[in-house]
Amino acid sequence: MRAFIDRVRSGDEIAYLITWAFAASVFLITCLLVYELWATSSLPRHKFGWSFLVTSVWDPVFEQFGALPFIYGTLVTSALALLIAVPLGVGAAIFLAELAPPRISDGLSFVIELLAAVPSVIYGVVGIFVMVPLLRRYVEVPLKAAFGYLPLFKGPAVGVGFLAAGVVLAVMVVPFILSISREVLLSVPVDQREAALALGATKWESTWKVVVPYARSGIMGSIFLALARALGETMAVTMVIGNNPQIAASLFAPGYSIAAVIANELAEASSEMHYEALIELGLVLFAVTIVINALARILILTTAGRGTAH
Amino acid sequence: MSFRNVWRKSVNIVMLSLTGLATLLTVSVLFVILGYLLWYGGSSVNWNFFTKLPTPVGESGGGMANAIVGSGKLLLLAALIGVPTGLLGGIYLAEFGGGTFSNFVRYTADLLNGVPSIVMGIFAYTVVVLPMHHGSALAGSFALAVMLVPIVLRSTEQFMRAVPVSLREGALALGASKWKTVATVILPAGFRGIATGILLSLARVAGETAPLIFTAGGNNFWAPGWNQPIASLPVMIYNYALSAYQDWHRQAWAAGLVLLGFVLIVTTGSRIILSLGFKSSRAG
């Protein structure tokens, strides 16, 4: 008892309680967030059930809500983004981790860190005024001329659409893939490289067949992290995707994404049902990004653990 | 040399050059963005931009003084709510915690950190905007604060753990209580790192647009107090860039340049502070 009183006097217990309360508040905030998303999306959940996710009519006037076009747009743009960003990011990570001298590697990594800090609305501005016209003239029109018979490249090349959103997203997520992949590659023990080189492998062979497989799960983790970013990215996508809820095979067609429709319609929701349908979209986005983030973290931790075990 | 070796050597050279090319492409993006912002917005960043209110459509001139002050107010209030919460939570994790509860908090913080910013906007909308029936500076700050907490928490913990154990033991051996050790020895020792983490988190949320659109809303005039819709630079950029007016596009570029300038200066500056700190502590 005396010891306890002494500790209270010295302030330890009080400091403990105060800091504990703030640490616990992080948990409370998250619970509240989940609760709010769940509780305020009950109307559409009860009315549409799972069909909310697989029907494609989005009609605020008749209160019919199906999220499929938005889910489709989000998935297509994110997939496109990864298609472009993964080779770029992993390639650059290999260069920075394996080839570049440490000084240059650190300097360039700092530039990448700055790139990751660029606000998404700025990507949107550069995207809509600079990239979209360039993309239409130098990518979409030639692609259409060469492969116009494929459904992928059908329809008018208007610039804004799935392709534009995918490219902007790719540029935005490359820094995440790059910086984490670089760290994971750097944590691969040197003796792995030396062993491969001693066996007569070229630099590329030692990198591609020994170092990269060793770091595989960490690199996968960085890709999942980038995917979670791409799925939830709002501003840049809203500005270049065209905001048209349709499911089109053509990459040139304007589409819509989950985050974009929330940003555009939430403040002006016409009815309770409309508003709650948008929140349910938020709930879907939340759930998906949580799962992907968790996967990413597990993958990165496994590689990091392996790296230090040696 | 056999054909196979020639082939292997050429694959080596081609692939390694391709990785170099990928690096060049990625790094150049930052300079391309900066270049375009300077090209289109540079001439519009002048005294008027920082001191005048936006003008109605059709009138040229005007500035974004209200949006700059608005962004400042939103950041200030967000920092007042979010930084102490993250800081104290981080102190708990680094100094008092241990065991399942700490791991749990750590995991939730990482989870919260990965939540898309638009979902944070929804959260602030349901919790603050709906009960008040209108957007406000308070709601916008709340959204930004929720984003700040996990970042500050994790970086604080990380930098407090980086303080050498010998300092801790020295203070405890002198008879200082735990919180005295934390407050007078560990916090000052880890100050640069913790401050860097806070600055970086502020730079990150300063450019957030999605959580502000339907919480802070927009305003073409000054917004005194905390209880009414308020203009902010990111939302202003968004609205102006999507408008149909050439003059507004010009302003959007200028605002983009100012915003990016702020973010890059804070990020670089905090990096420099940190590296200086490590050098001096090594020397001492």
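Data for the structure
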| quantity | calculated |
| --- | --- |
| Per principal axis, descending, Cα span of segment B:34-175 in whole Å | 70, 37, 29 |
| Whole-number D in µm²/s for segment A:42-309 (Stokes-Einstein; Kirkwood sum over Cα pairs; 25 °C, 0.890 mPa s) | 122 |
| Highest-MSF residue in chain A out of A:ALA260, A:ALA146, A:ALA248 [GNM, Cα springs under 10 Å] | A:ALA146 |
| Equivalent ellipsoid semi-axes - Cα gyration tensor, segment A:107-149, angstrom | 30, 14, 7 |
| Where chymotrypsin sites (Phe, Trp or Tyr not before Pro) fall in DSSP loop in segment A:34-116, at most 13 other Cβ within 10 Å | A:TRP50, A:PHE62 |
| Net charge contributed by nearby residues that have their C-beta within less than 12 Å of B:LEU130 (K/R +1, D/E -1) | -3 |
| Whole-number D in µm² s⁻¹ for segment B:176-259, Kirkwood Cα-pair radius fed into Stokes-Einstein, 20 °C, 1.002 mPa s | 136 |
| Net charge over other residues, Cβ less than 14 angstrom from the Cβ of B:LEU187 (K, R count +1; D, E count -1) | +3 |
| Neighbour-count order for A:PHE129, A:PHE22, B:PHE221, B:PHE50, fewest beta carbons within 10 angstrom listed first | B:PHE221, B:PHE50, A:PHE129, A:PHE22 |
| Under 20 Å from the Cα of A:LYS203 - aspartates and glutamates, other chains or at least 8 residues apart | A:GLU98, A:GLU183, A:ASP191, A:GLU194 |
| MRE, 222 nm, helices only [DSSP H, n ≥ 4, -39500 (n - 2.57), over chain A, to nearest 500] | -22500 deg cm²/dmol |
| Model label zone, A:LEU28; criterion: amide N under 18 Å from point 7 Å along Cα-to-beta-carbon; scope segment B:69-97 | B:80-93 |
| With eigenvalues of the C-alpha gyration tensor scaled by 5 and rooted, the protein assembly as shown, Å | 37, 35, 25 |
| Length-normalised contact order of segment B:72-193 in % [C-alpha pairs under 8 Å, at least 6 apart] | 39 |
| GNM top mover of B:ARG168, B:ARG106, B:ARG271 - chain B, alpha-carbon springs below 10 Å | B:ARG168 |
| Per-residue average of Cβ from other chains inside 10 Å of A:91-99 | 6 |
| GNM flexibility winner over chain B from B:LEU212, B:LEU260, B:LEU24 (Cα, springs under 10 Å) | B:LEU24 |
| Mean ellipticity per residue at 222 nm, deg cm²/dmol - from DSSP H runs of n ≥ 4 across chain B, formula -39500 (n - 2.57) | -23000 deg cm²/dmol |
| Largest-first principal axis extents, alpha carbons of segment B:69-283, Å | 67, 40, 29 |
| Surrounding net charge for B:SER270, when Lys and Arg each add one and Asp and Glu each subtract one, Cβ distance under 14 Å | +2 |
| Most to least packed among B:29-38, B:85-94, B:195-204 [average Cβ atoms within 10 Å] | B:85-94, B:195-204, B:29-38 |
| Over segment A:42-309, relative contact order from alpha-carbon pairs under 8 Å, at least 6 apart, % | 28 |
| Other-chain or far-sequence residues with amide H under 5 Å of A:TRP58's (modelled H) | A:GLY66 |
| Whole-number percent relative contact order across segment A:212-306, with pairs defined as alpha carbons under 8 Å at least 6 apart | 45 |
| Cross-link reach list, lysines versus A:LYS144, counting only Cα pairs under 23 Å and skipping chain neighbours closer than eight places | A:LYS154 |
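Laboratory data are not the source of any read-out in this text; all were calculated from the coordinates shown. Model, not experiment: these values are computed from the prediction. Methodologically, a virtual Cβ is constructed for each residue, glycine included, from the backbone with ideal geometry; neighbour enumeration extends over all protein chains shown.
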